Each structure stands twice: as structure tokens, then as C-alpha cells.
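Here is the structure we will look at, set down as C-alpha cells.
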Amino acid sequence: MMNDINSFMHDFSSSNAPIGGADPLTRMLQSLRLEGLEYGKRHLPGSWAYSFPEKDNAYFHFIGEEPCWLLAPDGKWIELQSGDAILLPRGDAHVLASAPDASQPPFPPWQCRPLWEDGYTADADQTSKGVILFYGSMRFNLDRSHPLFRGMSPVLHARALIGSECLISPLLDALAAEMVSHRVGAAGIAARLADVLAVQIIRSWMESGASNEGAWICAARQPQIGEVIAAIHENPGGDWSVASLASIAGMSRSAFATAFSDILGDTPARYLTEVRMQQAKQWIVQENARIAEVAERLRYDSEASFSRAFKRVMGKSPSSYRIARG
């Protein structure tokens, strides 16, 4: 199922956009897409702990009935209350446990049975007291190395954002109700609520202090440099040069290059190349695009020159991603 962040960003765009159109950061968020790949529900009584490995896709967890603990990517234990939801946007490794001293085997999805396509539930007896865990694997159309995701906290906690977003609380309540519901379609509704909640968490994080999270967010909100960043991300295959990007910023070439490097710590040319390679990976992995086609779309003179640039930035050749995709 696909969810377009445009519909969830509409009110934000209308209320926060400057006269003449949305600000650059909002425009980039409007292009963000989310695809829920797999969902599961498990009843976890007694003492338990599961480790979740690092992966390319985001993790989503909703905690029902009983509290539990999260071993966050930074190595700190965080208690999660019943009704909590967390999003790990970069798919970092983590642990969920009934208590910090519980053992930590890998999470075993193979012990679940399908509820519907890409949805699973455990066969455990749900009459005993315990945690009801609803979890999801979510893929964004942006690579986890995208500056937006690099600037996010490893764990985004829904309850910490309730004060800045009135919609999160009713979404959590609705998801909690579906967790214990035996009504027709409860599993599918829960999956859709999880998708909406994940998008809402990101939007609320952006509105409630994301400017403290890194240079990229600050740069994207800066009017002149932000317009340049938005232009690059909206059209990574554009015929860009430092001069043309400086023109978008309304600055001289030298002043723009200096300002861009001061804010982002990188040159415009290197930033453009990184964005292009991230986009190339998405086309290869998600669209199964041919390498020659990707090179042409990104204005490279040859497949060989594109492949060299790709390996320099991504650390692997583009053909290796095609092989991994199968």
C-alpha cells in the first residue's frame, strides 16, 4: 500500500508557506513517499527480548497492553509505555525486551502466520497477560543516507511529539483499539494507521525542533540555500552548474559557493553528485532501471563515467545493487 505525504502535508504547507508558495523544506517533504512492506502482530507474555538487525528500511513499533523496554541504537535503555509508538527511520539495529536483563535472540518472523499479504501474526495464546507488539517494515523513496534521514534522531518517539501535534494522540488510541479488536479488517486498518502515524511522526518532528538536529535542516530552511537544495532534489538530473545554482540563490558564484560550503560543509558540486548517486540507487533498486538508462537520466557522458562516480560515492558499483536486487 502506498501513502503520499502530500495529503498529510497539505495543512502544514498552507499554514507555514511564505507568500508565493511553499518553503523549500516543505516542497522536499511533499515528494516523500512511504511504502509499507511488511507488518506483524505478536503477543509476548512473560520474559522476552528480541534483537532487530540493521536494515535499509525503517522500523515501526507500536506497544499495546503492557509496557516494555527499547535498547536504542545509542546503547541506552528506554521504557516504552502501553500505547507508545516509535519509528526508527534509518532502520538502525535495536532491541525490544520485557526488561533490560532479558536475553536477546533475533526476532523470529518465521514463527508468524500470514494474516493477509505481507502481514503476519504469532500463534501465541493471547489470553495471558503480556505485551502486544505491532511492528512494521517501511520503505521510503529516499535512501537512508539521504541528508533528511541522516539529520533525524535514530528513534522518533510518538508520545514525545504529542504536545506539538494534536493528531498523534487519536491515531495512537485508534491503533490501540485495533490491536485488541476482532472485527473484520482490523489487521488492514492497523497497517494503514501505522503508515499514517509514521508520516505524522516525521512531520511533527520537523515542526517541533528539527532545526536543532543538523546542518542540512538548517540549510534547507535558509531561503537562498534552501531554494538551491530543493531545486537539486526536485531535479537531480538537471543541467546544473555552480553558476546556475548561484542564480537560483540570487547570489554571485563565489558568494554562493562560500555560503553553501559554510552551511553544509561541502561544495555544491560534491553535494549534487551525492544526491544524484542516491537517486541512482533508488532507480536501480526500486525500478530495476538499467545502468545505461540511469547514466543518461543523470546527464553522464557514458555508463563507465557514471559507474566510477557511483562507486566513489556509494562504495559499491551500481551493478552490485542490480545483482543484490535479483
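We did not get these values from a lab; they are worked out from the coordinates using the rules stated. Since the structure is predicted, the reported quantities are computational estimates derived from the model, not experimental observations. Don't worry about glycine lacking a Cβ; one is built from the backbone with ideal geometry, like all the others, and counts go over all protein chains shown.
Mind checking the log10 I(q)/I(0) for segment 222-325 at q = 0.11, 0.16, 0.18, 0.21 Å⁻¹? Debye, one equal scatterer per Cα, no solvent, two decimals. These q points yield log10 I(q)/I(0) values of -0.36, -0.70, -0.83, -1.02. Per the Debye formula on identical point scatterers at the alpha carbon atoms of segment 217-268, with no solvent, log10 I(q)/I(0) at q = 0.16 Å⁻¹ is -0.37. The string of couplings for segment 66-72 from the Karplus curve (6.51, -1.76, 1.60, θ = phi - 60°) is 10, x, 8, 10, 10, 8, 6 Hz, one whole number per residue in order, with x for Gly and Pro. Checked against a 23 Å cut-off, the cross-linked pairs K55/K311; K55/K281; K41/K76; K55/K316; K41/K281 give Cα-Cα distances beyond that limit for K41/K76; K41/K281.
Peptides 56-66, 267-277, 310-320 ranked from most to least packed give 56-66, 267-277, 310-320, packing being the mean of other C-beta atoms within 10 angstrom over each peptide's residues. The modelled label-to-label distance between S244 and A269, using points 7 Å beyond Cα along the C-beta direction, is 1.6 nm. Proximity of backbone amide H atoms, modeled 1.01 Å from N, is registered between R33 and N141, L142 at under 5 Å, excluding neighbours fewer than 5 places apart on the same chain. Each of the peptides 252-265, 222-235 was scored by the mean count of other Cβ atoms within 10 Å over its residues; in descending order, highest first, they stand as 222-235, 252-265.
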